[in-house]
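Shown next, in structure tokens, is the structure this report addresses.
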Amino acid sequence: MPTKEQLRTNTLLDRGMRREQDPETDRFRVVASDVDKTPLMLYTEGVTGKRIEDLLLMQMSTRRLAEWMGYQIGRRITQATIVNWRKRFKVKRIRRMT
């Protein structure tokens, strides 16, 4: 069961916003965190029916994600494109040590 704070955070993220806390006053403020989407991002969202942020968070390597997206939309997407998109949305992939 998600907590009230998690629900609030998810709602803000769905609207393209986030909460920041001012370190001096300890007050929270809501800041827009939208990224200007390229036409290819918008096209990909339209064809797949999923938000680009959700697609970039998929548990696939950069190469596999580029191949999968390219197959889904019928256009070529390079690994560099995926890397740049993940940088724009500040998606960091951390390899687990098992």
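Observations on the model:
- Residue list for region 53-74, restricted to those being surrounded by 12 or more Cβ atoms within 10 Å (Cβ to Cβ) and touching a residue at least 12 places away in the same chain (Cβ under 8 Å): E53, L55, L56, L57, T62, L65, A66, M69, Q72, I73
- Among the candidates K50, K37, residue that is out of contact with any strand residue (DSSP E or B) (no Cβ under 8 Å at 6 or more places or on another chain), surrounded by 15 or more Cβ atoms within 10 Å (Cβ to Cβ) and either in a helix (DSSP H, G or I) or at pLDDT 70 or above (or both): K37
- Subset of region 53-98 [closer than 19 Å to D36 by Cβ, at pLDDT 90 or above and either assigned to a loop (DSSP other than H, G, I, E, B) or of a type in the set (S, T, Y) (or both)]: I77, T81
- Of all residues making up region 31-70, the number that are under 12 Å from the mean Cα position of the chain (by Cα) and of a type in the set (S, T, Y): 1
- Residues that are under 16 Å from K90 (Cβ atoms) and of a type outside the set (A, V, I, L, M, F, W, C), drawn from region 17-37: R18, R19, E20, S33, D34, D36, K37
The values are calculated or read from the model by the stated rules, or taken from the named source; none is laboratory data. Everything quoted here is computed from the prediction, not taken from an experiment. Backbone-built Cβ (ideal geometry, glycine too); neighbour counts: all protein chains shown.
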